[in-house]
Amino acid sequence: MTPTPTATLAARDWAEIQERMLVPLYEAVFDRLEVGPGDRLLGLDCGAGLPLLLAAGRGAVATGVEADPARRALARERLLEVLAAPPEPPRPYDALLAFSPSPAALAAALPAVRRGGAVVLADWGPAERCTVPSVLGGGPAPQDLDALVERAGLRPDGSGRVFCPFGYADVDSAVRGLLSTGLYPGADTGPTGTDGPASFEPVDSASAEKELAEALHPFERPDGAVWLPNIFRYVIARAA
């Protein structure tokens, strides 16, 4: 499927503005797992591939799965191996990174993880510690990661919380970055044919940008920068 111009622009905004906001989460998880040379990682819903690049920088061999063709194309521009679906037949990965996964997408990817391999799930932390969901009009409720681990038949092996502030140079950058997530309610997030995140296609781009800019004004600093503090939670489990 060829990405639409709007979807391609949103993917560029994700790669250039938004995806770096989650670097503290990625780095905390990689530190916890002691990711290093020889490790094989599979990143579910890997976007434009930044978590794969960080893992590769530690010497790991990282492969990604991304449903959105525009983000997948950007990842491949970075010379990363990013697939539209988990590989078949499954490869023996040492770890699966699944941030905000759907149960169906997680179930499809689990066969690729070796027995005893790590499965990392992550999502928004407590509502009172996260600014972005309220700015986005509530946003999706965070998943019960512990229940997801139990339903998937995984063995719990620890958890943690990471401070991930979303900081932007100005309101325009913040609007572009947040709209690129596809989480804003002014977006048409129709199915892409998988259980992964849908491509962002705005119903009324000008209206969505105006509404979001107004919601961000309370978070502007005197220099014009926008600062949105958040806490993310992750859990580590082991494949049976």
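The values are calculated or read from the model by the stated rules, or taken from the named source; none is laboratory data. What you see is a predicted model; the values in this text were computed from it and never measured. Don't worry about glycine lacking a Cβ; one is built from the backbone with ideal geometry, like all the others, and counts go over all protein chains shown. Calculation scope for accessible area: heavy atoms of the full protein, side chains included, ligands and nucleic acids excluded. Shrake-Rupley method; radii C 1.70, N 1.55, O 1.52, S 1.80 Å.
For Gly59, neighbours were defined as the other residues whose beta-carbon sits under 15 Å from its Cβ, and their charges (Lys and Arg +1, Asp and Glu -1) total -3.
Work out the FRET efficiency for Val23 and Glu88 from their Cβ-Cβ distance, taking R0 = 35 Å, and round it to the nearest 0.05.
0.70
Extending 7 Å from Cα along the Cβ direction at Asp144 and again at Thr6 yields two label points whose distance is 3.6 nm.
Quick one: go through region 19-36 and flag any residue whose amide nitrogen is under 16 Å from the point 7 Å out along the Cα-to-Cβ line of Arg221. It comes to 21, nothing else.
Think of region 1-119 as having a plus end and a minus end, set by charges on the Cβ of Lys, Arg, Asp and Glu; of Ala112, Cys46, Ala84, Ala112 sits farthest toward the positive end of this dipole.
Annotation: Asp45 carries an accessible surface of approximately 40 Å², with a 1.4 Å probe and no ligand, DNA or RNA atoms counted. Largest accessible area first, the residues Glu19, Glu220 order themselves as Glu220, Glu19 under a 1.4 Å probe with ligands, DNA and RNA left out. Per residue, the chain reaches -8500 deg cm²/dmol at 222 nm when only DSSP H runs of four or more residues are counted, each adding -39500 (n - 2.57). Just checking the listed ones, Pro133, Pro37, Pro87: in the Gaussian network model of the chain with Cα springs under 10 Å, the one fluctuating most is Pro37.
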